Amino acid sequence: MEERVREKRPLVHHITNEVVMNFSANGLLAFGGSPVMAKEREEVADIAGAADALVLNIGTLRSSDVETMIAAGKAANEKGIPILLDPVGAGASTFRKNAVRKITEELDVAVVKGNAGEIAALADIPLKVKGVDSEESGDSTDIALRASEKLNTCVVVTGAIDIVAENGNYTTSSYGSPLLTQVTGSGCLLGTLIAACLTVEDEKEKAVLFAVEFYNKAAERAEANSHGPGSFAVSLLDELGGDV
Amino acid sequence: MEERVREKRPLVHHITNEVVMNFSANGLLAFGGSPVMAKEREEVADIAGAADALVLNIGTLRSSDVETMIAAGKAANEKGIPILLDPVGAGASTFRKNAVRKITEELDVAVVKGNAGEIAALADIPLKVKGVDSEESGDSTDIALRASEKLNTCVVVTGAIDIVAENGNYTTSSYGSPLLTQVTGSGCLLGTLIAACLTVEDEKEKAVLFAVEFYNKAAERAEANSHGPGSFAVSLLDELGGDV
Amino acid sequence: MEERVREKRPLVHHITNEVVMNFSANGLLAFGGSPVMAKEREEVADIAGAADALVLNIGTLRSSDVETMIAAGKAANEKGIPILLDPVGAGASTFRKNAVRKITEELDVAVVKGNAGEIAALADIPLKVKGVDSEESGDSTDIALRASEKLNTCVVVTGAIDIVAENGNYTTSSYGSPLLTQVTGSGCLLGTLIAACLTVEDEKEKAVLFAVEFYNKAAERAEANSHGPGSFAVSLLDELGGDV
């Protein structure tokens, strides 16, 4: 599938957070896609309408961004291009929780991707354990399935084991590197790559699983070449241009 | 010329896009200049008035930024310091096209730098081919010359072959690396380096051509040391501190 | 102390500048902390109230950010978590000078960190020499002591020699690498690490000195592994996961 992405060079419109813009853009370029970042209300419908996919990421969200995301998302829905929603820190404030719910209510989102805590907050599922990072994968599977049913879409719950759930079914994937947790925006970049794969593969679960596995295998190779989180992030970008 | 830049350490005020701020700042520091990024309306005239050059880059432009850029630009024009305009994605929306035209109408811009599509959009030149990245260099030369005449300033059209046009004349340069297209903000950083060179060399075309060649030769050296776009970007920063 | 940080994984809320967000976040992750970046007025009190420390950094400040910083700071003060203030470019405009003063008047700031020029501007101390980067360390000590007295808090003045002053006393530290001056946000990242150390050590001066020395020794190791400012910044992130 990576060849199909490289051939198509999909234009992925991001309305994303300021921390990760550069890393997401460079990761998409390395993978073979073409990023555009635009969050001015006056132009987002134009930009989304010319794009092949749309990524909505609520890290560093401002209140005016919600309306902008919905405007871009409506243009994307009208054109029939996929929307990937990344509910970064959805449980961290009432503001974020309300924003992300408004987005899921008003838009037809193709894939929602987040860690267990974020997906639980978005789908209003009480977490059984407090420390989100250490929850059992059993809980994550339950969260993925329930969120997928509630939101009626494909849900990816990331963690040591990644879970892709839709229509009552789920698949797991356990590639990856612990260094991913030490690079800001590593999860956001996965969302970007999922969006890119959705533009070349109609079978949604296949596209999502490919992106999850390609990315995590690239991370494994990068870990082998690195001396810490700094060189790991650099090597990860190098590896995204490789083959699965 | 690089020694003159390192001796002067020119302060370059950027009103630029959020994706590339970090890379532009680090690239200018590596080259020997000093970056300042400021886009608050209340302070931009102070900052531009203390700077040696001003870079205006419309990637991730917001509507309120246009007035801010013009305020900074008027302070720059009054002080007589050069303005470099980078019309990122000028053809991507009516909003950007209008913004960049307003900027060129109200300010005296020393150099405009962009790819063929951006310069064509800015100067209202219909593109002969649709795929901007694959146009013949003949078209790019024509675009550079016509835009330079229309805007009455120095125009740089970047691509596999870079073209510098002013007063009906043009020069080409063909150094560089294909990896530059895989690093977000690589074009923006060239704009920053051009601005730095303009602060130490009155002959505008000489300053611009030096920056274009120095940067692209550094990219060639960086490519030789790299394993992909991640390590290339790191090596490019390393090489900017070297000699031509 | 680095082990205590890694065990606690302190959540450090940043309201910081757009140029350095990514580097600060990655540096804190490498060091063992957990970053959150949020500057929406509607959520900052929630975020700061859940955090272990708050970093306020005025680079790329917008006028609406001042009120936001004060709201977050009041939540931090109420909860008793430390605030680190980084008055980036405080002397560069009247806007920044006024903003940073308002912040110090309204909030109880644990540590103020900046270069001699920034601290002098904040504390309204006339600089004896014009070139801030080349001032005698004697002047920096004087600036640190006077600012500490005036602001009634711990003050760190960074430079070739770093000075930590509080209650009429000061300590100096002279580790580091000249390459730090070629990486944007290297000073901002030090502020972030100081904030992380304040969350595990009540003796303020001890926490601050540890962060200053740990960071600068990591920079010395990184310099040994690097070929220029690009690879230095990468290696610095790698080294932050090491031991003192």
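Where a number appears in this text, it was derived from the coordinates with a stated rule and is not lab data. All values derive from a computational prediction rather than experimental measurement. Methodologically, a virtual Cβ is constructed for each residue, glycine included, from the backbone with ideal geometry; neighbour enumeration extends over all protein chains shown.
Observations, loosely collected:
- Note on C:LYS206: lysines with a C-alpha under 17 Å away, same-chain residues under 8 apart excluded, are C:LYS113, C:LYS217.
- Selected from B:LEU127, B:LEU151, B:LEU190 as most flexible by GNM, with chain B as the system and alpha-carbon contacts under 10 Å: B:LEU127
- Remark: the range C:2-239 carries a charge dipole of roughly 320 debye about the Cα centre, counting +1 on each Lys and Arg Cβ and -1 on each Asp and Glu Cβ.
- Relative contact order of the range A:2-215, taken over Cα pairs closer than 8 Å and 6 or more residues apart, is 20 percent.
- Translational diffusion of the range C:1-107, estimated by Stokes-Einstein from the Kirkwood radius over alpha carbon pairs at 25 °C in a medium of 0.890 mPa s, is 176 µm² per second.
- Label positions at B:ALA224 and C:ILE125, each projected 7 Å from the Cα along the C-beta direction, are separated by 4.9 nm.
- Most fluctuating residue given options B:ASP162, B:ASP52, B:ASP124, as computed from a GNM of chain B linking Cα atoms under 10 Å: B:ASP124
- Straight-distance crosslink candidates among aspartates and glutamates, where the alpha carbon sits under 17 Å from C:LYS39 and sequence neighbours closer than 8 are dropped: A:GLU18, A:ASP65, B:GLU18, B:GLU40, C:GLU18, C:ASP52, C:ASP65, C:GLU67, C:ASP86
- Karplus-derived 3J(HN,Hα) values for the range B:42-55, using 6.51 cos²θ - 1.76 cosθ + 1.60 with θ = phi - 60°, are 5, 10, 4, 5, 4, 5, 4, x, 9, 8, 9, 7, 10, 10 Hz; glycine and proline are entered as x.
- Spatial offset of the range C:20-81 relative to the range B:10-71 amounts to 24 Å, using the alpha carbon center of each.
- Listed residue (A:VAL55, A:GLY91, A:THR181) projecting farthest to the positive dipole end of the range A:2-215, Cβ model: A:GLY91
- Semi-axes of the equivalent ellipsoid for the protein assembly as shown, Cα gyration tensor, largest first, Å: 35, 35, 23
- If you take the Cα centroid of the range B:223-244 and the Cα centroid of the range A:175-209, the two points sit 27 Å apart.
- Cα shape, the range A:128-243, gyration tensor, a/c 1.5 rule: oblate
- Max mean-square fluctuation residue, GNM over chain B, Cα-Cα springs under 10 Å, options B:PHE214, B:PHE95, B:PHE31: B:PHE95
- About its Cα centre, the dipole of the range B:94-227 is roughly 380 debye, where the only charges are +1 on Lys and Arg Cβ and -1 on Asp and Glu Cβ.
- The calculated P(r) of the range B:2-212, using every Cα pair and 5 Å bins from 0, goes 1, 8, 17, 22, 22, 17, 9, 3, 0 in percent.
- Within the range C:208-244, backbone nitrogen closer than 15 Å to the virtual label 7 Å beyond the Cα of C:GLU3 toward Cβ: C:242-244
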